[in-house]
1. Six or more apart or on different chains, Cβ under 9 Å: which pairs go from a residue in the range 300-324 that's in contact (Cβ under 8 Å) with a residue 40 or more places away in the chain and closer than 11 Å to Glu86 by Cα to one that's outside any helix (DSSP H, G or I) and open to solvent by 40 Å² or more (accessible area, probe 1.4 Å)? Could you list them?
2. Could you list, in sequence order, the residues of the range 112-145 that are open to solvent by 10 Å² or more (accessible area, probe 1.4 Å) and within 16 Å of ligand 2 (Cβ to nearest atom)?
3. Just to be sure I understand the filter: pairs with C-beta atoms under 9 Å, separated by 6 or more residues or on different chains, first member in the range 192-208 and touching a residue at least 24 places away in the same chain (Cβ under 8 Å), second member away from ligand 1 (no atom under 16 Å from the Cβ) and charged (D, E, K, R). Which pairs pass?
4. Among the numbered criteria (1) hydrophobic (A, V, I, L, M, F, W, C); (2) closer than 23 Å to Asn151 by Cβ; (3) at pLDDT 95 or above, which one does Leu313 miss?
5. Only one residue in Leu156, Leu187, Leu173 is surrounded by fewer than 24 Cβ atoms within 10 Å (Cβ to Cβ), touching a strand residue (DSSP E or B) at 6+ places or on another chain (Cβ under 7 Å) and of a type outside the set (Ser, Thr, Tyr). Which one?
6. Taking the range 110-147 on its own, how many of its residues are closer than 15 Å to Ala65 by Cβ and small (Gly, Ala, Ser)?
7. From the set of residues in the range 130-161 that are within 12 Å of ligand 1 (Cβ to nearest atom) and part of a loop (DSSP other than H, G, I, E, B), which is farthest from Lys179 (Cα to Cα)?
8. Given the conditions (1) away from ligand 2 (no atom under 15 Å from the Cβ); (2) touching a helix residue (DSSP H, G or I) at 6+ places or on another chain (Cβ under 7 Å), and given that Asn2 satisfies all but one, which numbered condition is not satisfied?
Amino acid sequence: MNIVEAKDKIDERGFLDIDLDVNMDLFAEIERLKKEKNAIVLAHYYQEPDIQDVADFLGDSLGLAQKAQTTKADMIVFAGVHFMAETAKILNPSRKVVLPDLKAGCSLADSAPAAQFQAFKEKHRDHIVISYINCTADIKALSDIICTSSNAEAILNSLPKDQEIIFAPDKNLGGFLNKKTGRNMLLWNGACMVHEIFSMEKITRLKVRHPNAKVIAHPECEEPVLRLADFIGSTTQLLKYAVTDSNNEFIVATETGILHQMQKEAPHKTFIPAPPTNSCACNDCPYMKLNTLEKLYLCMEYETPEIIMDEQLRLAAKKPIERMLEISRKAGLIG
Ligand code: 13P
Ligand code: SF4
């Protein structure tokens, strides 16, 4: 099958369903394809360990957006979720951007349908819109500035104190920022299904058994969980804190994928995933985990599924992302 034929073969589940020889060395094949196609593999920390290990760049949403903007590679292979790959295409349209599984969505992005958000925005015309990067291109196009969890505070600090703001779509991150900055942003009622599942009671019980453990949490978590935290930050900030802090034991309230890097960078330390309310694996993001090493190989080999965007939408969505990157540069958060 060639690349053109492969385009028609993405099944209704969102990926190329082709049986691979189980003896194939996928790590070696992916390295071969990187060279042959001048491709770069960008991966988020919530990807499975094998994908993190083959990535050329591993990062949080801000780091990944910046890398996508500046890469000279011909093909960006995005091991993350759809809004991240879409952001890469928005920032670097001349590159081919492929995603291992088109159905790798995001519950936060889904929580803000564009038509409803537009109607909400129209009711508050004196407000500017700051949207968390975990949203669709349509929502980005309706926004004034984008933010991520690592630069949200810097973005807010760049605006006058009395500026009226709508913050979307994550009410937990928005609430955390309101508390931290003393603002009173109007919050869209969206949330991440993974970060909402952590149990305050179970974390408290875990702390009784591990009295020396520090709790570190992502700001997408709900307020009661954040209140227990010794440190709150984006995935990159959590990783940095866990590795550099003098403590040796941590309860980690974010998606479990990050534990792979924590353990790699600080093998002598103990990292305990914060427990969800049920005994499910709900602290694994079902969207992030749709990507597998097999699908990663296939999307590189056949250059599909590819992110294709309407040019007008791309340009409208690009403006607030570029504003975010500019403020982040000024604040010294990115190079
Ligand atoms: P960051 O990696 O930017 O902290 O985002 C976390 C997340 O939920 C990504 O979907
Ligand atoms: Fe979306 Fe939450 Fe999954 Fe991140 S962890 S991709 S915010 S559903």
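1. Close Cβ pairs (under 9 Å, with a partner that is outside any helix (DSSP H, G or I) and open to solvent by 40 Å² or more (accessible area, probe 1.4 Å)) amount to Glu306/Lys96; Ile307/Lys96; Ile307/Leu102; Met309/Pro93; Arg314/Pro93; Ala317/Thr136; Lys318/Pro93.
2. Once the filter is applied, which keeps residues that are open to solvent by 10 Å² or more (accessible area, probe 1.4 Å) and within 16 Å of ligand 2 (Cβ to nearest atom), the range 112-145 yields Pro113, Asn134, Thr136.
3. Hits for this filter: Ser199/Arg205; Met200/Arg227.
4. (2)
5. Numbers: Leu156 fails: touching a strand residue (DSSP E or B) at 6+ places or on another chain (Cβ under 7 Å); Leu173 fails: surrounded by fewer than 24 Cβ atoms within 10 Å (Cβ to Cβ).
Leu187 is the lone residue from the list that is surrounded by fewer than 24 Cβ atoms within 10 Å (Cβ to Cβ), touching a strand residue (DSSP E or B) at 6+ places or on another chain (Cβ under 7 Å) and of a type outside the set (Ser, Thr, Tyr).
6. So the count comes out to 3.
7. Residues of the range 130-161 within 12 Å of ligand 1 (Cβ to nearest atom): 132-135, 146-152.
Add one more test, that the residue is part of a loop (DSSP other than H, G, I, E, B), and what stays is 133-135, 148-151.
Numbers: Ile133: 20, Asn134: 21, Cys135: 23, Thr148: 17, Ser149: 15, Ser150: 16, Asn151: 16 Å.
Only one residue fits best here, namely Cys135.
8. Of the numbered conditions (1) away from ligand 2 (no atom under 15 Å from the Cβ); (2) touching a helix residue (DSSP H, G or I) at 6+ places or on another chain (Cβ under 7 Å), the odd one out for Asn2 is (2).
The values are calculated or read from the model by the stated rules, or taken from the named source; none is laboratory data. Fair warning: this is a prediction, and the values are worked out from it, not measured in the lab. Cβ sites come from the backbone with ideal geometry, for glycine too, and all protein chains shown count toward neighbours. Ligands, DNA and RNA are stripped out before the accessible areas are found, and what is left, the full protein with its side chains, is counted by its heavy atoms. Shrake-Rupley method; radii C 1.70, N 1.55, O 1.52, S 1.80 Å.
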